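The values are calculated or read from the model by the stated rules, or taken from the named source; none is laboratory data. Keep in mind the model is a prediction, meaning the values are calculated, not measured. Don't worry about glycine lacking a Cβ; one is built from the backbone with ideal geometry, like all the others, and counts go over all protein chains shown. Heavy atoms of the whole protein, side chains included, go into the accessibility calculation; ligands, DNA and RNA do not. Shrake-Rupley method; radii C 1.70, N 1.55, O 1.52, S 1.80 Å.
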Amino acid sequence: MTASLIGWGGWQVVAYFIVLFALVVPLGGHMARVYLGKSTFLSPALQPVEGLIYRACGVDPDREMSWKEYALALLALSFSGFALLYAILIGQGVLPLNPQNLPGLSPDLAFNTAVSFITNTNWQSYSGETVMTNFSQMAGLTVQNFVSAAVGMAALAAMIRGMTRRKAAGIGNFWADLVRSILYILLPLSFILALVLGAQGVVQTFSASIDAHTLEGTKQTIALGPVASQEAIKMLGTNGGGFFNVNSAHPFENPNPLTNFLELVAILVIPTSLCHSFGIMVGDRRQGFALLAAMSLVFVPLMLFGIAEEQGGNPHLASLGIDQTASAQQPGGNMEGKETRFGIVNSGLWAAATTAASNGSVNSMHDSYTPLGGMVPLLLMKFGEVIYGGVGSGLYGMLIFVVITVFIAGLMVGRTPEYLGKKIQSFEMKMASIAILAPSACVLIGTALGVMTEAGRAGLFNSGPQGYSEVLYAFTSAANNNGSAFAGLSANSPFYNTALGLCMLVGRYFVLIPVLAIGGSLAAKNTTPPSAGTLPTHTPLFVLVLIFVLVLVGILTYAPTLALGPVIAYLQMIGG
Amino acid sequence: MSQKKHIKSRNPFRGADVGLAMRLSIVRLTPLYQARNPVMFVVFVGSILTTAILTIMLVTPARVVGGGLPVWFVAWVTFWLWFTLLFANFAEAIAEGKGRAQADSLKKARRDVAARKLEKASDHSKQHSVPANTLRKGDLVLIEAGDFVPADGQVIDGIASVDESAVTGESAPVIRESGGDRDAVTGGTRVLSDWIVVRVTSDPGESFLDRMIGLVESARRQKTPNEIALSILLAALTIVFLLVCATLLPFSAFSVTQAGAGSVISVTVLIALLVCLIPTTIGGLLSAIGISGMQRLISANVIATSGRAVEAAGDINVLLLDKTGTITFGNRQAVEFYPAPGVTRQQLAEAAELSSLADETPEGRSIVTLARRLFGLPERNPKDLAATFIPFSAEQRISGIVINERHIMKGAGDAIARLVALKGGFCGPEIMREVEEIARKGGTPLMVAEGPQVLGVVYLKDIVKPEIKTRLADLRKMGIKSVMITGDNPLTAAAIASEAGVDDFVAEATPETKLKYIRKMQEGGELVAMVGDGTNDAPALAQSDVAVAMNSGTQAAKEAGNMVDLDSDPTKLIEIVEIGKQLLMTRGALTTFSISNDLAKYFAIIPAAFAGTYPALAKLNVMGLASPESAILSAVIFNALIIIALVPLALKGVKYRAESAEQLLTRNVLFYGLGGVLTPFIGIKLIDLMLAAAGLT
């Protein structure tokens, strides 16, 4: 911990949280109104459009769906989205808006990319600017950036409805939730953010690239494209798939500290605000704030720890007589892989935020972090992307942990477990178990395959614990639908494209469907009114117990993998 | 009762056959038996694997399968893995054993006796002697003084005192008679005096006693819904840890090639790690906790028809309590005399005493006692008086005495008013005011009249049980709403309700209003418990989530309820709720403890398992364990011993207090959560020190 953390950097972190949490109440309130089907300040302008969409698609937005119907509609949309995107990516060579005459993608890369974008993972095995045509970026990827985010939010809304209804068969209408998520939440926010980013220098053009002549006399091709519009939804929808390969470290995606600040806010603003929407929808705001508190109490210490580790630098360099303290002349600490215009604090904050939310964008290269600094993003993903998490998916993932916590803690107060008056019984436990098991199984089995097989080991850039961490990070990122990459792993191979693609599918739908099932099952139950004997789920005590369970499950599942990766790397670093 | 419980709490094994439990622990080491519990089945398979590895190591000189581990180490791990299983089996067997002891004493009651079978209830002369076990439903039997009741049945004629101690443990005999709510008799009990004719209500093997024996001794009892849900969670955790340990093999192989040092983790160490991580503590004790929850209920002399009912008892948030017998003493007592104008208090008291001399009801006796105490009236035996007594009739609702031409009558206000009106008298407004006043205070006004003149009113008071108030307050702390059910009018009911401190009351209750009230509560999501004994209680009992039928009640009530209280004590319901809560708490506490334990086990095993590959990991050996072998062994031994150490807790249940959920959670999280994290650090270190002291490592 050095001067810069407490100084300017520290104030930036404080300012960040003030702005972020100030937005929770207005945005959370707005989203709750959207999902409760109430009119919002946008309704006069957008209701006709909404109605038009329903009429065009032949959808009755008031028709209640059972959880199975809801899941079926959701899967049908996702699968069609996949098929369409896959076709676009394979055939982009002959499709319009291809000034650079780029060829179609290989089948495994197209599969990986299509899965990645429909699952809101946005893992990128390719370099955006040299592989994707503008058509693929706009009609393919950006569309899924909106749709996949809206799918997550819709599923959350359905689950919450299930928790609030009594002896009901339905949990809402998927098509209405989808349309409303996009129309009333994602589009307006993206529109504003894109304009601001554009004004700050994020490019937005259909020109392919410009050629520059460098001082050395060589020709450099500088890629351009419709970046600002994609950047906005990339951040807001916790997508994270950058236009450029280096993502938000690229000056055309993230030119200055102000855009960096705004993009950071955009990463977490919807996931945090949804907690408040949840509180409103279940009729007890304290429930929402309790979950937000639980998430923040995990996030803030880990983020500060990560920044402190990065600022601390490498002891081996110190022993060589290199000054790593921050001063007016230098940022100090470990600056490898970080942009000088952001520095350590904003890189560390981004690394934590992007992995906490299932965003996955980067403004620095996590592979170059110190062992423990790099473990922070890894840990945040290993908690199952529920510390804020993806839009919708983060909170519904957290609610799965709440179900498990309530089950254990509820028994300890001498009642069969209940949450918000709903009994948690074997069906809910079965579904919650699947939702927790599926991503963990993918991470462990995937990483095992990665280090066991020749095809897996071929992708490694580093040896030893670092190489292990690279594979572990990739599978953790994919299975938890984060999409952030550690770098240092060449993942564009049939093995990784296929294996990671499968992990993304399992990690998304084996959580999403159990979530809807729980929603449906809870909707059908009666609600027990609270009494002094009811386990209170809004108190600091419950928040602590929830964190305890969350951290314990995460650590118990991944302790050996962490020990063999970042922990041993750290111990070797400090041990010499 | 409390005395009995106190003794029990000192020795949790009391009443159980420890030797039999040990034998069963070994006998049950079969794949079929172990497969019932997924957690312990994994341990079972692990134990077989290490045994196989050990055997191969012993017979082959190369010892390739051991992964370079010393034979003694593999032997010790194997030994303790088997003991983990034995301890879990023992916990279950000892819990069952306690039940078996109870079942045995019940079986003694089920003796084969000869029954006097009748052809017609009215004709006692035509009787054949048949063995009791041949009696079928609908048969009629005559039971006389000294006879055992041959089967469960309903008294259709006669009245008798019955010794039910064989079933209830209560030595005082009870009265059983035809008609009303005391007409059920249980097979195995004994008629002490008089005779009764009973219609048999159960076929052989289906009697109440048979069902009780089946319940208490059945080892293959059904899992309750919450147990199933918990088993799912435990199975999921087991799968997670299976994956963790299985993938550790390739991770270790990769690390070894990368580091160029050490050897790949051996299967024995992986199995040791797996068994330590999977929730064996709760997995091994789960069924013992469930069985002993039922036992505690049986110790309280309550028989539940299913484990489900015990669990539901913990969830109850509305408790319907009958006023009479539960909240108030069953009988009302005279506390004051209010004379009419022109009548002295003593005149009224004397008249009231005279009219009650032959009245054997508790109310009547209390009038006599009060009058004598207040005015020092002499003792007199009604038989010595030249008087005619007019017994109470349900039709007239009055009783009285005719002595020396004096007609003294007492009864309900309206009945006496009608009577005096017939004789040309009338009821003054002062009297009517007193009557209303008494009713408002929750009492029963009893009017006394001599001829056409009303003498005054006797104030009969419902005495609220002194301890009920604190119990109801405890219930409120636990978030349980108490509702008083009474046939009284709303005015009286309200007065008693406020005196006893119940949250709500249903006045002028009929079976229909009770049923409607329960339905309304359930519609609102409440879980309702009630006590009942009469046939007319049956619909409400059937509707309740927890329904306790009194053993003295009718067969219909017992069939409708899901529990039977052998003591026929309506306040027992409160105890039942506590037992249910304690069962759930014990389950939750041990689950939390079991999972929290894993942290320390990782700290013991991971540095040890990778010591050869990454020596730097030794820094994680925070407990400073002597050697890698000792570290792994200590964790395995701790894991086995903790099961046996927690058996008493599983049998007794965690300490229960009437507290709010928040307070309970705080205490239990600190104790079993935090305690669960810290205990194994200390335990493993101690075992490691002992192993080192024994020169084993």
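Observations on the model:
- C-alpha long axis of helix B:267-277 to longest principal axis of chain B, angle in °: 30
- In this rough spin-label picture, where each label sits 7 Å from Cα along the Cβ direction, the B:Val402-B:Leu670 distance is 7.6 nm.
- The mean accessible area for residues of region A:26-279, using a 1.4 Å probe and ignoring ligands and nucleic acids, is 37 Å² per residue.
- Of all aspartates and glutamates in the structure, those lying under 18 Å Cα to Cα from B:Lys126, and not within fewer than 8 positions of it along the same chain, are B:Asp139, B:Glu144, B:Asp147, B:Asp157.
- For chain B, the longest principal axis of the C-alpha atoms and the axis of helix B:280-299 are separated by about 20°.
- Building the convex hull from the alpha-carbon atoms of chain B and averaging its projection over directions returns 39.4 nm².
- Value of Rg to Rh for region B:22-94 (Rh from inverse mean 1/r over Cα pairs, i.e. Kirkwood): 1.05
- Of A:Ala228, A:Phe206, A:Ala169, farthest towards positive along the dipole that unit charges on Lys, Arg, Asp, Glu beta carbons give region A:26-279: A:Ala169
- Across B:Lys477/B:Lys655; B:Lys441/B:Lys477; B:Lys410/B:Lys461; B:Lys441/B:Lys461; B:Lys469/B:Lys520, pairs whose alpha-carbon gap is larger than 18 Å: B:Lys441/B:Lys477; B:Lys469/B:Lys520
- For A:Lys338, the lysines whose Cα comes closer than 21 Å to its Cα, not counting residues fewer than 8 places off in the same chain, are A:Lys234.
- Extension gain, B:Leu58-B:Lys126: 0.36 nm per intervening residue step, less the Cα-Cα distance, totals 16.5 nm.
- Span-rule helices in chain A, defined as complete DSSP H runs reaching 24 Å or more along the axis (Cα) with Kyte mean at least 1.0: A:8-35, A:67-91, A:143-164, A:257-281, A:393-412, A:426-452, A:494-523, A:540-562
- Each residue, B:Leu689 and B:Ala75, gets one label point 7 Å from its Cα in the Cβ direction; the gap between the two is 2.8 nm.
- 12 Å cut-off, amide nitrogen to a point 7 angstrom out along A:Val300 Cα→Cβ, residues in region A:532-565: none
- Accessible area of region A:26-279 belonging to carbon and sulfur atoms, whole % at 1.4 Å probe: 67
- Occluded residues from region B:225-243, i.e. those whose accessible area drops by 30 Å² or more once the chain is not alone (1.4 Å probe): B:Asn226, B:Ala229, B:Ile232, B:Leu233, B:Ala236, B:Val240, B:Leu243
- Whole-percent carbon and sulfur share, accessible surface of region B:389-444, 1.4 Å: 56
- Among the residues of region A:530-576, those with an accessible-area drop of 50 Å² or more from chain alone to full protein complex, heavy atoms and 1.4 Å probe, are A:Ala532, A:Leu541, A:Phe548, A:Leu552, A:Leu556, A:Pro560, A:Leu564, A:Ile568, A:Leu571.
- Pairing chains B and A buries close to 5200 square angstrom of accessible surface in total, based on protein heavy atoms and a 1.4 angstrom probe.
- Cα gyration tensor category, rounded, prolate or oblate, for region B:496-580 with a/c compared to 1.5: rounded
- Derived from the Cα gyration tensor, the three semi-axes of the equivalent ellipsoid of region A:425-530 are 36, 11, 11 Å, largest first.
- Rounded to the nearest 20, the size of the Cβ-charge dipole of region B:293-389 about its Cα centre is 140 debye, with Lys and Arg at +1 and Asp and Glu at -1.
- On the basis of the beta-carbon distance and an R0 of 51 Å, B:Arg345 and B:Ile175 show a calculated FRET efficiency of 0.85.
- Computed per residue of chain A from DSSP H runs no shorter than four, each worth -39500 (n - 2.57), the mean residue ellipticity at 222 nm is -20500 deg cm²/dmol.
- Estimated dipole of the protein assembly as shown in Debye, rounded to 20 [Cβ of Lys and Arg +1, of Asp and Glu -1, Cα centre]: 1040
- Rounded accessible area per residue of region A:391-480, 1.4 Å, Å²: 21
- Tilt relative to chain B, helix B:225-259 - C-alpha long axis, 0 to 90 degrees, to 10: 10
- Segment A:Leu258-A:Thr453, extension gain: residue separation times 0.36 nm, minus the distance between their alpha carbons: 65.7 nm
- Across the options A:Thr121, A:Gly91, A:Ile53, the greatest Cα extent toward the positive end of the charge dipole of region A:26-279 (unit charges at beta carbon of Lys, Arg, Asp, Glu) belongs to A:Ile53.
- At R0 = 25 Å, FRET efficiency that the Cβ-Cβ distance of B:Phe329 and B:Glu360 yields, to 0.05: 0.90
- Estimated inter-spin distance, A:Phe427 and B:Lys655, nm [label 7 Å along Cα→Cβ]: 4.0
- Carbon + sulfur, % of accessible area of region B:210-361 - ligands and nucleic acids excluded, 1.4 Å: 57
- Kirkwood Rh in Å, taken over all unlike Cα pairs in the protein assembly as shown: 35.4
- Straight-line cross-link reach from B:Lys120 at under 18 Å between alpha-carbon atoms covers these lysines, not counting any fewer than eight positions away in the same chain: B:Lys137.
- Amide proton proximity set for A:Val202, modelled H, under 5 Å, gap of 5+: none
- As an equivalent ellipsoid, region A:26-279 spans semi-axes of 35, 21, 15 angstrom, where each value is the square root of five times an eigenvalue of the C-alpha gyration tensor, largest first.
- Where only DSSP H runs of four or more residues are counted, chain B gives -16500 deg cm²/dmol as its mean residue ellipticity at 222 nm, each run worth -39500 (n - 2.57).
- The residue list A:Gly242, A:Leu74, A:Val131 was ranked by how far each Cα lies along the charge dipole of region A:26-279 toward its positive end, using unit charges on Cβ atoms, and A:Leu74 comes out on top.
- For the residue pairs A:Lys423/B:Lys516; A:Lys423/B:Lys581; B:Lys107/B:Lys572; A:Lys430/B:Lys652; A:Lys68/A:Lys525; A:Lys525/B:Lys465, the alpha carbons lie more than 27 Å apart in A:Lys430/B:Lys652; A:Lys525/B:Lys465.
- Heavy-atom accessible area, 1.4 Å probe, ligands and nucleic acids excluded: residues of region A:407-422 down by at least 50 Å² from chain alone: A:Phe407, A:Ile408, A:Leu411, A:Met412, A:Val413, A:Gly414, A:Arg415, A:Thr416
- Computed from the Cβ-Cβ distance with R0 of 45 Å, the FRET efficiency linking A:Ser66 to A:Gln330 stands at 0.15.
- Dipole moment magnitude, nearest 20 debye, region A:26-279 about Cα centre, only Lys, Arg, Asp, Glu C-beta charged: 960
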